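The values are calculated or read from the model by the stated rules, or taken from the named source; none is laboratory data. This structure is a prediction, so every number in the text was calculated from the model and none was measured. Counting neighbours? That spans all protein chains shown, and the Cβs are built from the backbone with ideal geometry, glycine included. Quick note on the areas: whole protein, heavy atoms, side chains included, nothing else; ligands and nucleic acids left out. Shrake-Rupley method; radii C 1.70, N 1.55, O 1.52, S 1.80 Å.
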Number of protein chains: 2
Amino acid sequence: MMSRSEFRKQQQATAALFKKAGIVITKKEAATIDAADFGLGEFAQTGLGVLVYVNTARCCAKELSLLPRQTCPEHRHPNVAGEPGKEETFRCRWGRVHLYVPGKKTARPHGKAPKGREDHYTVWHEVVLNPGDQYTLQPNTLHWFQGGPRGAVVSEFSTRSRDEADIFTDPEIARVTKIR
Amino acid sequence: MMSRSEFRKQQQATAALFKKAGIVITKKEAATIDAADFGLGEFAQTGLGVLVYVNTARCCAKELSLLPRQTCPEHRHPNVAGEPGKEETFRCRWGRVHLYVPGKKTARPHGKAPKGREDHYTVWHEVVLNPGDQYTLQPNTLHWFQGGPRGAVVSEFSTRSRDEADIFTDPEIARVTKIR
């Protein structure tokens with residue numbers, strides 16, 4: 001849960017990162033940015049800035065922001081109502097993002113699980129995305145990602161997004177942002 | 001048909017427009033840019049720079065460039081193999097783009113049909129997209145678009161792209177770029 005003023009502050013921080021990345025958004029769009037704290041109330045540690053450009057029954061595009069070392073927690077996108085789960089491509093636009101997926105554990109990963117939440121980070125194969133780099137995730141694949149030392153701006157191209165259906169490894173997480 | 005050296009030159013012009021827009025692409029990606037002349041051999045008049053980021057069975061994202069007053073010619077995306085046609089969102093990132101769709105004819109449109117090809121431009125409802133503006137097209141909708149005075153960079157978010165299935169109003173057009 002976040003206070004209204006904290007939520008507004010984090011919306012502005014996301015808009016500022018988009019600006020740094022050279023991404024133009026409208027004033028109307030800025031007001032729709034979600035500063036997602038995943039219900040943990042530790043936004044700087046576990047959180048994500050999200051601007052949804054378009055989300056139809058068939059496809060979706062978003063712009064994402066991460067503060068320095070901020071983590072989008074481990075989750076997967078299951079099949080919903082007989083449809084295959086969300087397929088998504090992350091493309092780094094600015095800064096650096098460390099993405100973790102199933103596979104051989106990276107020996108010395110750049111990222112660190114958020115403090116006190118280490119048990120809920122189970123995939124450790126690291127993919128480093130610098131500006132211009134991208135990675136496509138198949139449906140139902142566990143993943144999490146973390147901003148580099150300056151944070152990151154990431155474009156997401158995907159099939160229909162149903163955030164409420166996402167399955168997080170950490171049972172304390174609730175995807176839908178609640179404002180106090 | 002385009003000569004190899006002309007094609008390379010136009011790939012570089014597209015890469016330069018992406019750079020102006022603050023969009024970072026890799027060297028490997030730059031080499032995959034399509035400078036599409038739609039088979040007319042009049043690239044500066046009828047043409048489009050295209051970088052495909054991802055195109056799977058389910059979704060697609062591209063970066064497009066238009067030179068000043070350059071036109072992507074009128075076409076639509078039909079249903080293919082029992083699947084609904086391509087649904088696409090154009091988002092202007094840099095410059096300005098004038099998009100034409102079915103509806104009430106705009107009295108004094110900014111755009112002009114390419115010289116000698118006027119008969120093949122039949123939809124004249126104008127949508128002006130400045131940076132941060134976007135528009136979503138339903139499948140099978142006739143549309144064409146033209147760069148503004150400085151050209152444009154446009155992100156396209158869509159369902160699966162099957163360029164070879166596109167239906168153009170101008171019967172002389174062939175979508176797949178041929179290099180001499």
### Query
In peptide B:158-170, what is the residue-averaged number of other protein chain Cβ atoms found within 10 Å of each Cβ?
1
### Task
Excluding residues fewer than 8 places away in the same chain, name every one of the aspartates and glutamates whose C-alpha is closer than 14 Å to that of B:Lys28.
A:Asp133
### Inter-part distance where region A:140-180 and region B:97-124 are each reduced to a Cα centre, Å
42
#### Entry: Residue of chain B nearest the B-to-A rotation axis [by Cβ], rounded angstrom distance
B:Gly22, 1
### Message
On a straight-distance basis, which lysines could pair with A:Lys104 in a cross-link, Cα separation under 26 angstrom, same-chain partners fewer than 8 positions away excluded?
### Response
A:Lys86, A:Lys112, A:Lys115
### Query
Using Cα pairs under 8 angstrom and six or more residues apart, how large is the relative contact order of chain A, in percent?
32
### Task
Give the shape of chain A as rounded, prolate or oblate, defined through the alpha-carbon gyration tensor: a ≥ b ≥ c are the square roots of its eigenvalues, a/c under 1.5 means rounded, and otherwise the shape is prolate if a/b is larger than b/c and oblate if not.
rounded
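For region A:101-161, what does the relative contact order come out to in percent, with C-alpha contacts under 8 Å and a separation of six or more?
Working: 35 pairs, mean separation 25.3, N = 61.
Over region A:101-161, the number comes to 41 percent.
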### Task
Report, for B:Lys104, each distance to the same residue's label point in the other copies, shortest first and in nm; define the point 7 Å along Cα→Cβ.
6.4
### Summary
In the neighbourhood of A:Ala152 defined by beta carbon distances under 9 Å, the net charge of the other residues (Lys, Arg +1; Asp, Glu -1) is +3
### Query
Within 10 Å of each Cβ of A:28-41, how many other protein chain Cβ atoms are there on average?
0
### Message
Along each principal axis of its Cα atoms, how long is the protein assembly as shown end to end? Whole angstroms, biggest number first, please.
### Response
68, 42, 40
#### Entry: trypsin sites (Lys or Arg not before Pro) restricted to DSSP loop in region B:36-123 with at most 15 other C-beta within 10 Å
B:Lys104, B:Lys105, B:Lys112, B:Lys115
### Task
Tell me what chain A gives for mean residue ellipticity at 222 nm when only DSSP H runs of n ≥ 4 count, each as -39,500 (n - 2.57), the sum divided by the residue total, rounded to 500 deg cm²/dmol.
-3500 deg cm²/dmol
### Message
Please give me the summed charge of the neighbours of A:Gly22: other residues whose Cβ is under 9 Å from its Cβ, Lys and Arg +1, Asp and Glu -1.
### Response
+4
### Query
Rg and Dmax of region B:31-107, using alpha carbons, in Å: what are they?
14.1, 41
### Query
When ligands, DNA and RNA are left out and all protein chains stay put, how many square angstrom of accessible area per residue does chain A have with a 1.4 Å probe?
45
### Query
Å³ per residue of the Cα convex hull, for region B:113-180?
152
### Query
Pairs A:Lys178/B:Lys20; B:Lys105/B:Lys178; A:Lys19/B:Lys27: which are spaced more than 28 Å apart, C-alpha to C-alpha?
A:Lys178/B:Lys20; B:Lys105/B:Lys178
